[in-house]
Structures are given as C-alpha cells and as structure tokens.
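Everything below concerns the one structure shown next.
Where a number appears in this text, it was derived from the coordinates with a stated rule and is not lab data. Remember, it's a predicted structure, so these values are computed and weren't measured experimentally. Here the Cβ is made from the backbone with ideal geometry for all residues, glycine too, and neighbour counts use every protein chain on show.
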Amino acid sequence: MHRLTLVGLGVSLLLGACSTLPPKAGYPDLIEVRFKASRDSIIEAFKDVLYSNGYAVATFSPDEGIVETDWKRVKKGVSCCVYVLEGVKDAQMKVTAYVGKVEGDTLNYIKVQGILKVLGPRPWDNEYQIRPVKEGSPYYKELEKLVLELEGKLGEKGKYEDFKKNVLLK
C-alpha cells in the first residue's frame, strides 16, 4: 500500500487496492447455477433479466444455449469507482451465458461470465483494453445480481452451494 502525503497541507491520501486494473490475461470467472426449470425457461427468464438491467441481447442461439449481450456502459460511482484513481474514462461490460444439461443430470445449468472493456489509463490513453471479469471485483457482483434476479424470475433457488458459501455469505 502506498501513502502520499502533501507536505504543508496536512493531507494524506491512501492508495491501495485501487492501484491496478483487472488482469489482462486469463478467462473470466464463471458463475454456474443449476435449476429444475427447462432450458427454454432459463433462457427466456435470463433474457428478461438482462433487458430489465439495461443489457441488449446481441446474440441469441437457443439451439446452442448461448445468450450474449452488447457492451453496456457501467455507471461511474457504482461499479467503476474502483478504477477512478487509475484514470479510467469509460468502462463497459458484456455478459455471456451458456445454458445446457450435463448428461446423466436431471438439472439444467446456466454458466454466466463477463468481459470488461475499459478506456484509459496511461500509456494506453484513448485505447480500449479488454479484461476478464474476475471473482471479487465490483463487476463480478453485477453478475451475481443477475443470477439472483434469474432465481426470482424462475421462482426457484438454484443449486450452487459453493457459490453461496464463497461469495454470498461473506
């Protein structure tokens, strides 16, 4: 953690967790949830959740079980506040969901992941950078919110004990 003190003014600014952008490499972390509902019901309910949260569905392939959104600008002050000190001028997120069934399982699953597109900071001024949405970030919390709303639309709690234990109960 770095401490910046402005001499003569008696002001101290603490820079810590806000000092780096999400990692460039790797894959986005997935939220996987299983439901008793049919695959088509999960897809339709998730599309409704996306629309109600301001995401426009760009790709929809019910045969393959894929739903993907366009880029949605993430509001500053809510999720983008982590990167303010880095000079991020614009943050956008894209959500992708895969819906299917594991052979031999009676439940259908949905896997939700996000990709972040940020504009800034130096030396990449005015160039967008693509970053995976990782667990623990404010953007991952946006994905969690979508999953919880999906549960409400389907009228059932998803089976995801690890997700509840590691994320929601902390």
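Charge tally for SER61 (other residues, Cβ to Cβ under 13 Å; Lys, Arg +1; Asp, Glu -1): -2. Exposure proxy for LEU116, LEU143, LEU30: other Cβ atoms within 10 Å of each Cβ, ordered fewest to most, give LEU30, LEU143, LEU116.
Computed extension length for GLU127-GLU156: 6.2 nm, one decimal, from 0.36 nm per residue of separation with the Cα-Cα distance subtracted.
On full extension of the chain, what length is gained from ARG39 through ASP90, given 0.36 nm per residue of separation minus the C-alpha to C-alpha distance?
14.9 nm
Near LYS101, once Lys and Arg are set to +1 and Asp and Glu to -1 for all other residues with Cβ below 10 Å from its Cβ, the sum equals 0.
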